Amino acid sequence: MDFQQVIDTDGRIEPRDQMPDAYRQTLVRQIAQHAHSEIIGMQPEGNWITRAPSLRRKAILVAKVQDEAGHGLYLYGAAETLGVDRAELLDLLHAGRQKYSTIFNYPTTSWADVAAIGWLVDGAAIMNQVPLTRCSYGPYARAMTRICKEESFHQRQGFEAMTVLSRGTAAQQQMAQDALDRWWWPALMMFGPPDAASPNSAQSMAWGIKRFGNDELRQRFVDATVPQAEFLGLTVPDPALSWDGEHHRSGEIDWTEFAEVMKGNGPCNRQRLEFRQQAHADGAWVREAAQAYASKHRPVA
Amino acid sequence: MLWEVFVRSRRGLSHTHVGSLHADDAHLALRNARDVYTRRQEGTSIWVVPAAQIVASSPDEKDAFFDPAGDKPYRHPTFYDVPEGLTHL
């Protein structure tokens, strides 16, 4: 079977199959960007590990941040099956030539932000990622299956932490509301620009990389999340939010903000990239030591 | 160095390929595999194999390579008619 036949019959493309160059490049770009998002995403939450309000919350947060590192590794592994090297991809990230999700350029200014990230950011990520488990490229789909299984704990722990705050003191309730105010719109932007303004969407759909449009997934997220906010007794920061009998319709998204964060002008873009570059540089001696040890103990042929 | 990782999820099952990882030696590869692929008790045994050591059939010639089995339906039990009413066949 050639490439198009596999795609037309909803089959899966595997690493050494023939595939169009543009398909390969699209996947490398998307999987790399996804992997980068996972490891950059460790920073906003890692920021709160030492200040988690209890040992229980701390253990949960450590496990979650460790999962994000693992997810990055699964995805770099999937990208490497397309003939690129992980080290190259990291170099491109560090040089600012490959992107990661704009959501991680926002700061976590209170503990409630950690809760809101689990609830909203991981919730949005799951909405985006579940369809990717049926992506036409086998290794990416398999990595996503693994990730989705682990991700649902991320969302639940966040929602649980939000629940505790929203049933707490007036000050804690205010913390929860403030966090929802900060993260709601950036979470909606995670689904990407409207389909009409998303140049690569149609091709990705035709290739079976993407299964649903940005707007449809965003709508599903709004429909799923608004009742959860109501349960928490919190107000979604969107005065135009309305119910049309079938769906919760949100107001206009400020796409200029999205464009600015994408361009590097979000609140934390520089900090996130510099921290990553520093972490990579700080780890150099570990990589060198492992290499030296391995070459010293390599059996002589 | 790239390693392919295989995990036996529980006794009685074969090792199954779960993904790959980087490590400079076999010992580190095993430890990394434990941390990356079995954080939730997904395994009771792990194999790591240098990716370069795996010999694979080529997808380009897969039709010709697997062809010989294509015209031998008589290797399957469904090839044979079982007379109505008979069992244990």
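Out of all the residues in the stretch A:17-52, which are in a loop (DSSP other than H, G, I, E, B) and exposed (fewer than 14 other Cβ atoms within 10 Å of the Cβ)? Hits for the stretch A:17-52 are A:GLN18, A:PRO20. Taking strands (runs of 3 or more DSSP E) that fall entirely within the stretch B:1-87, which contain at least 2 residues that are within 13 Å of another protein chain (Cβ to nearest Cβ) and either farther than 22 Å from A:ARG298 by Cβ or open to solvent by 70 Å² or more (accessible area, probe 1.4 Å) (or both)? Because the criterion is at least 2 residues that are within 13 Å of another protein chain (Cβ to nearest Cβ) and either farther than 22 Å from A:ARG298 by Cβ or open to solvent by 70 Å² or more (accessible area, probe 1.4 Å) (or both), the strands (runs of 3 or more DSSP E) in the stretch B:1-87 that meet it are B:15-22. Filtering the stretch A:267-300 to residues that are hydrophobic (A, V, I, L, M, F, W, C), open to solvent by 90 Å² or more (accessible area, probe 1.4 Å) and within 14 Å of another protein chain (Cβ to nearest Cβ) leaves only A:TRP285. Only residues that are of a type in the set (Phe, Trp, Tyr) and touching a residue at least 40 places away in the same chain (Cβ under 8 Å): list them for the stretch A:267-287, please. Answer for the stretch A:267-287, where residues must be of a type in the set (Phe, Trp, Tyr) and touching a residue at least 40 places away in the same chain (Cβ under 8 Å): just A:PHE275. In the stretch A:248-266, the residues that are free of Cβ contacts under 8 Å to residues at least 60 places away in the same chain form Cβ pairs under 9 Å with partners that are among the charged types (D, E, K, R) and part of a loop (DSSP other than H, G, I, E, B), at six or more places apart or across chains, as follows: A:GLY251/A:ASP238. Within the stretch A:58-69, the residues that satisfy the criterion of being within 14 Å of chain B (Cβ to nearest Cβ) and either buried (at least 18 other Cβ atoms within 10 Å of the Cβ) or hydrophobic (A, V, I, L, M, F, W, C) (or both) are A:ALA59, A:ILE60, A:VAL62, A:ALA63, A:LYS64, A:VAL65, A:ASP67, A:GLU68, A:ALA69. Of everything in the stretch A:130-160 that is within 12 Å of chain B (Cβ to nearest Cβ) and among the basic types (Lys, Arg), the residue that is nearest to B:GLU4 (Cα to Cα) is A:ARG142. If you go through the stretch A:73-108 and pick out every residue that is within 14 Å of another protein chain (Cβ to nearest Cβ) and outside any helix (DSSP H, G or I), you end up with 5. The single residue among A:ASP238, A:ASP254, A:ASP215 that is more than 14 Å from chain B (Cβ to nearest Cβ), under 30 Å from A:THR169 (Cα atoms), charged (D, E, K, R) and within 24 Å of the chain's Cα centre (by Cα) turns out to be A:ASP238.
The values are calculated or read from the model by the stated rules, or taken from the named source; none is laboratory data. Note that the coordinates shown come from a computational prediction; the quantities given were computed from them, not determined experimentally. Glycine also receives a Cβ, built like all others from the backbone with ideal geometry; neighbour counts cover every protein chain displayed. Accessible surface areas use protein heavy atoms only, side chains included; no ligands, DNA or RNA. Shrake-Rupley method; radii C 1.70, N 1.55, O 1.52, S 1.80 Å.
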